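Below you'll find the structure, written out as structure tokens, and then a few comments.
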Amino acid sequence: MTNVLSGPFATLHLSLLGAEVIKIENPADGDLARKLGNVLPLNDRLMGTSFLAQNANKKSLTLNLKDPEGKEIFLKLARTADVVVENFRPDVMKRLGVGYPVLSAANPRIIYCAISGFGATGPDAMKPAYDQIIQGLSGVMAINGDERLNPLRCGFPVCDTVGGLNAAFAIMAALYFRERTGEGQFIDVALLDSIMPLMGWVAANLLIGGQQPVLMGNDNFTAAPSGTFATKDGYLNIAANKQEQWETVADVLGVPELKKDPRFEKRDARKRNRKALTPLLETKLKENTTDHWVDTLNERGVPSGAILSLEAALKQAQIQHRETIRAVRDDDLGELKLFNLTAKFEKSPGDVVCPPPRLGAHTEEYLTELGYTKDRIQELREKAVV
């Protein structure tokens, strides 16, 4: 019972690990993500790129849960299910008559994971939430950017995706608990809760050290030189987090005298004086290309890397080697390049095995398994139950 991103992202990971994921969608137009993406003809066919990105390996069953017969079918499915995942507001499933108490009574072993913006309880529980709203309320936008551009959102829906990962992680833990106890349970995942621990270092400086975050743009607050620097043909990232790495940078760039400059000699001094240090380093870095400095610095043990466009990042050799992106063929849409499971299991590897489903593509299959005849299924279609 998931829609758009956080719930579909959670169930995508379960499906890549081998779970049989039945996506319950409304019969009219299904998951909203089917209409989202930059390829308009795909949106019109309810196969938008946003939907394709999150729904490989799943099956689609259309069901009108506002109809008593639709609710009956859902309960039949729930009696055989291991997990139910939904990402509605906290009151929606209860109002539909298929909330956790109802499903748990029908199947005590069921694990029910509810994903919402703010969680099932609390003063903000019933507020609507989208990723950008949570980015703003969590402090993420407040700590991004620099004095010229702030607040600044992350360039992708980080709160939705992290919430989905948190949900998948929690579901796996609940399945393990059930293996030991035989008991199902309710899991309450909030996007707001999920994103905030990712700011652990920054938050710890405030919660424990009493230090407000400082806007640093592409600089790393833990060390200097550590951040983004201009070269002859672009930019590169350098992460000289150790004293010996800083000294190597100074040697490689031909400015060994900076190692003894009191402004830069020690870590905390360099951090305080990074605005003076950066242009001195960039004067040297601009004498050669990004690739030259990446190779030279890495060879000397200083972590560095180019700053790639998204297209270049997706095509880089390491990503191809790791099979992070897999091609799967759809009979109608042709070859689709989708993200694979990124954890590499020695004995139980996950994989993209089938493309995202057409709306309702597996409705007849599952209703037949539940004992419905062809005539009865046709009747349910005519009544818009499925």
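The values are calculated or read from the model by the stated rules, or taken from the named source; none is laboratory data. Being a predicted model, the structure only gives us computed values, none of them experimental. Reconstructed Cβ throughout: ideal geometry from the backbone, glycine too, with neighbour counts over all protein chains shown.
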Every residue from segment 128-149 that is crowded, with 17+ Cβ neighbours inside 10 Å and outside any helix (DSSP H, G or I):
Ala129, Gly139, Asn144
From Thr11, Thr49, which residue is modelled with pLDDT of 95 or more, within 13 Å of Pro356 (Cβ to Cβ) and surrounded by 17 or more Cβ atoms within 10 Å (Cβ to Cβ)?
Thr11
The correct count of residues that are of a type in the set (Val, Ile, Thr) and not in a helix (DSSP H, G or I) in segment 237-263 is 2
Out of everything in segment 256-279 that is surrounded by fewer than 17 Cβ atoms within 10 Å (Cβ to Cβ) and among the aliphatic types (A, V, I, L, M), what residue ends up being nearest to Ala306 (Cα to Cα)?
Ala276
Restricting the search to segment 20-58, which residues are under 23 Å from Thr80 (Cβ atoms) and without any contact (Cβ under 8 Å) to a residue 12 or more places away in the chain?
none
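Each row is one residue, and each column tells you yes or no for (1) surrounded by fewer than 12 Cβ atoms within 10 Å (Cβ to Cβ); (2) outside the structural domain of Leu14 (by TED's automatic domain parsing); (3) within 19 Å of the chain's Cα centre (by Cα).
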{"site": "Ala312", "(1), (2), (3)": "yes, yes, no"}
{"site": "Ile319", "(1), (2), (3)": "no, yes, yes"}
{"site": "Thr324", "(1), (2), (3)": "no, yes, yes"}
{"site": "Leu336", "(1), (2), (3)": "no, yes, no"}
{"site": "Asn340", "(1), (2), (3)": "no, yes, yes"}
{"site": "Ala343", "(1), (2), (3)": "yes, yes, yes"}
{"site": "Ser348", "(1), (2), (3)": "yes, yes, no"}
{"site": "Asp351", "(1), (2), (3)": "no, yes, yes"}
{"site": "His362", "(1), (2), (3)": "no, no, no"}
Which pairs turn up if I take residues in segment 245-257 that are farther than 12 Å from Lys284 by Cβ and modelled with pLDDT under 95 and look for partners that are buried (at least 21 other Cβ atoms within 10 Å of the Cβ) and hydrophobic (A, V, I, L, M, F, W, C) with beta carbon separation below 8 Å, at least 6 apart in sequence or on another chain?
none
Filter result for Thr283 (surrounded by fewer than 18 Cβ atoms within 10 Å (Cβ to Cβ) and touching a residue at least 40 places away in the same chain (Cβ under 8 Å))
no
